[in-house]
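Here's the structure we're looking at; comments come further down.
The values are calculated or read from the model by the stated rules, or taken from the named source; none is laboratory data. Note that the structure is a prediction, hence the values are computed from the model and not measured. Methodologically, a virtual Cβ is constructed for each residue, glycine included, from the backbone with ideal geometry; neighbour enumeration extends over all protein chains shown.
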Amino acid sequence: MRKPLIAANWKMYKTPAEAAAFVQAFDLLVAHHHHADIVLFPSASSLAAVVGTPRSKHIQIGGQDMHWLNEGAYTGATSPLMLKAIGCTHVLIGHSERRQYFNETDTTVNLKLKSALAHDLIPIVCIGEHLNERESDLTAKVLELQVAVALEGIDPTTAHSMIFAYEPVWAIGTGRTATPATAEQAHKLIRGQIAASLTPAIAASTRILYGGSVRPENAATLCCLEDIDGALVGGASLDPNSFAEIIIQSKG
Ligand code: PEP
């Protein structure tokens with residue numbers, strides 16, 4: 001019922017030429033693998049090059065962040081209208097690196113989520129606990145609060161496209177991964193909070209991705225379980241062969 005989605009977060013890597021070369025090579029490798037939707041998240045300066053490179057229909061493009069306003073005096077920011085105009089269908093919201101280095105908070109995540117839904121951009125809302133929070137047994141509390149604040153004032157009838165990504169901060173870029181059981185438990189909890197904040201029907205149809213050191217070797221066990229509907233991949237998505245292998249392995 002929930003089609004898997006595998007997304008590539010390229011962070012601050014790849015020039016436009018490098019990004020276009022990736023798409024050319026990658027498309028050949030996954031053109032016949034349609035079991036999952038695929039979304040590439042290049043840096044803002046490479047969006048035009050990626051959108052302009054011919055590729056299969058199931059490979060879509062998104063922005064790594066956006067402002068919630070349509071325009072204004074916000075140097076360095078990109079608006080939802082700009083993402084749409086360049087050809088983006090998706091947007092990442094609240095990645096832990098935005099939270100850590102750029103003052104992203106649950107409140108700005110909420111503003112961005114409302115704006116993305118209003119502009120028909122498919123949001124992937126990133127949440128996750130820090131290591132000290134997990135070790136202090138605060139994971140459930142942290143995740144429930146992040147989801148509850150992100151969804152404050154969201155009209156359930158507008159939320160059908162919304163996606164969440166559970167990214168334990170201690171697993172991002174560290175080589176450490178959550179065990180499938182730990183990830184499943186977190187995903188169930190997140191789904192429960194979506195049901196409480198919106199409706200059980202929205203919770204049942206919302207895709208929840210796992211992110212944190214997903215690689216070709218662990219994709220088969222981490223990407224697609226009962227409550228895990230795909231993956232958000234950082235480091236291992238930078239190479240077309242490695243990212244294509246993750247797509248192939250996610251078929252199970
Ligand atoms: C990410 O950037 O969202 C991520 C999960 O990174 P990595 O796969 O490198 O841990």
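Looking at segment 17-32, can you tell me whether even one residue there is in a loop (DSSP other than H, G, I, E, B) and within 16 Å of the ligand (Cβ to nearest atom)? Walk me through it before giving the result.
First, the residues of segment 17-32 that are in a loop (DSSP other than H, G, I, E, B): 31-32.
Okay, now just the ones that are also within 16 Å of the ligand (Cβ to nearest atom), so none.
The answer is no; no qualifying residue exists.
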- Note on the structure: Note: among A118, A48, just one is over 30 Å from E144 (Cβ atoms) and small (G, A, S), namely A48
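Considering each of S56, S45 in turn, give the residue that is touching a strand residue (DSSP E or B) at 6+ places or on another chain (Cβ under 9 Å), of a type in the set (G, A, S) and surrounded by fewer than 19 Cβ atoms within 10 Å (Cβ to Cβ).
Details: S45 fails: touching a strand residue (DSSP E or B) at 6+ places or on another chain (Cβ under 9 Å).
None of the other options fit; the residue is S56.
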- All but one of (1) within 19 Å of the chain's Cα centre (by Cα); (2) farther than 26 Å from S115 by Cβ hold for D137; which doesn't? (1)
- Going through segment 146-176 in order, the residues found to be within 16 Å of the ligand (Cβ to nearest atom) and buried (at least 16 other Cβ atoms within 10 Å of the Cβ) are Q146, I163, F164, A165, Y166, E167, P168, V169, W170, A171, I172
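Out of L92, L47, report the one residue that is more than 14 Å from the ligand (Cβ to nearest atom), touching a Gly at 6+ places or on another chain (Cβ under 9 Å) and not charged (D, E, K, R).
Values: L92 fails: more than 14 Å from the ligand (Cβ to nearest atom).
Being more than 14 Å from the ligand (Cβ to nearest atom), touching a Gly at 6+ places or on another chain (Cβ under 9 Å) and not charged (D, E, K, R) holds for just one of L92, L47, which is L47.
Somewhere in segment 124-131, is a residue in a helix (DSSP H, G or I) and surrounded by fewer than 20 Cβ atoms within 10 Å (Cβ to Cβ)? If you could, list the steps in order and put the result at the bottom.
At the first step, the residues of segment 124-131 found to be in a helix (DSSP H, G or I) are 131.
If we keep only those that are surrounded by fewer than 20 Cβ atoms within 10 Å (Cβ to Cβ) too, we end up with 131.
The answer is yes, given that some residue of segment 124-131 is in a helix (DSSP H, G or I) and surrounded by fewer than 20 Cβ atoms within 10 Å (Cβ to Cβ).
Hey, can you tell me all the residues within segment 178-228 that are among the charged types (D, E, K, R) and either assigned to a strand (DSSP E or B) or within 16 Å of the ligand (Cβ to nearest atom) (or both)?
First pass over segment 178-228, keeping only residues among the charged types (D, E, K, R): 184, 188, 191, 207, 215, 217, 226-227.
Passing the criteria: R207, R215, E217.
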- Task: Just one of (1) more than 29 Å from T158 (Cα to Cα); (2) surrounded by fewer than 21 Cβ atoms within 10 Å (Cβ to Cβ); (3) touching a Pro at 6+ places or on another chain (Cβ under 6 Å) trips up A220, so point out which.
- Result: (3)
- Message: Given the condition touching a residue at least 24 places away in the same chain (Cβ under 8 Å), closer than 25 Å to G62 by Cα, of a type outside the set (S, T, Y) and touching a Cys at 6+ places or on another chain (Cβ under 9 Å), answer yes or no: does some residue in segment 180-201 qualify?
- Response: no
- Any idea which residue in segment 87-110 is farthest from L145 (Cα to Cα), counting only those that are in contact with an Asp or Glu (Cβ under 7 Å, 6 or more places away or on another chain) and part of a helix (DSSP H, G or I)? R98
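Check whether at least one residue in segment 85-97 is modelled with pLDDT of 95 or more, surrounded by fewer than 18 Cβ atoms within 10 Å (Cβ to Cβ) and aliphatic (A, V, I, L, M), and report yes or no. Outline the logic, then answer.
Start the filter on segment 85-97 by keeping residues that are modelled with pLDDT of 95 or more, which leaves 85-97.
Narrowing further to those that are surrounded by fewer than 18 Cβ atoms within 10 Å (Cβ to Cβ): 85-87, 89.
With the extra rule that they be aliphatic (A, V, I, L, M), the set shrinks to 85-86.
Yes, that holds for at least one residue.
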- Message: Among the residues of segment 97-120, are any touching a residue at least 60 places away in the same chain (Cβ under 8 Å) and in contact with a strand residue (DSSP E or B) (Cβ under 6 Å, 6 or more places away or on another chain)?
- Response: no
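Consider S115 carefully, then state whether it is in a helix (DSSP H, G or I), farther than 19 Å from G211 by Cα and touching a Lys or Arg at 6+ places or on another chain (Cβ under 9 Å).
no
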